[in-house]
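Undergrad: I'd like to ask some things about the structure below.
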Ligand SMILES: [Zn+2]
């Protein structure tokens, strides 16, 4: 969001990926739910929890080496 200094440590990179990943996942889920595979959004939405969970897990394990800021 217009940050003048962007930290490039692994954790901040993963953290920055969370929202785009959530939006992309939502988009894909809606596409799949509108397709002809017989999956409604009600059966698909937990995928979003898995994606967020995996990203948060990755964030927790990611190195903060070179982290900038407080
Ligand atoms: Zn950082």
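Read-outs: derived from the displayed coordinates by stated rules, not from any lab. Worth saying up front: this structure is predicted, and the values here are computed from it rather than measured. Cβ coordinates were reconstructed from backbone atoms using ideal geometry, including for glycine residues, and neighbour counts include every protein chain displayed.
Undergrad: How high is the relative contact order of the chain, given as a whole-number percent (alpha carbon pairs under 8 Å, six or more residues apart)?
TA: On the way: 55 pairs, mean separation 39.9, N = 70.
Here the relative contact order equals 57 percent.
Undergrad: Arranged by the count of other C-beta atoms within 10 angstrom, fewest first, what order do 67, 36 take? Numbers along the way, then the final one.
TA: Details: 67 13, 36 6.
Listing 67, 36 from fewest to most nearby Cβ atoms yields 36, 67.
Undergrad: Oh, and also: Please compute the length gained on full extension between residue 30 and residue 47, using 0.36 nm multiplied by the number of residues separating them and subtracting their Cα-Cα distance. Intermediate results must be reported in sequence, preceding the final value.
TA: Values: separation 17, 0.36 × 17 = 6.12 nm, distance 1.16 nm.
Between residue 30 and residue 47, full extension yields 5.0 nm more.
Undergrad: Once Rh is set to the Kirkwood radius over Cα pairs, what Stokes-Einstein translational diffusion coefficient, in µm²/s, holds for the chain at a temperature of 4 °C and a viscosity of 1.567 mPa s?
TA: Values: Rh = 13.7 Å.
Calculated translational D: 94 µm²/s.
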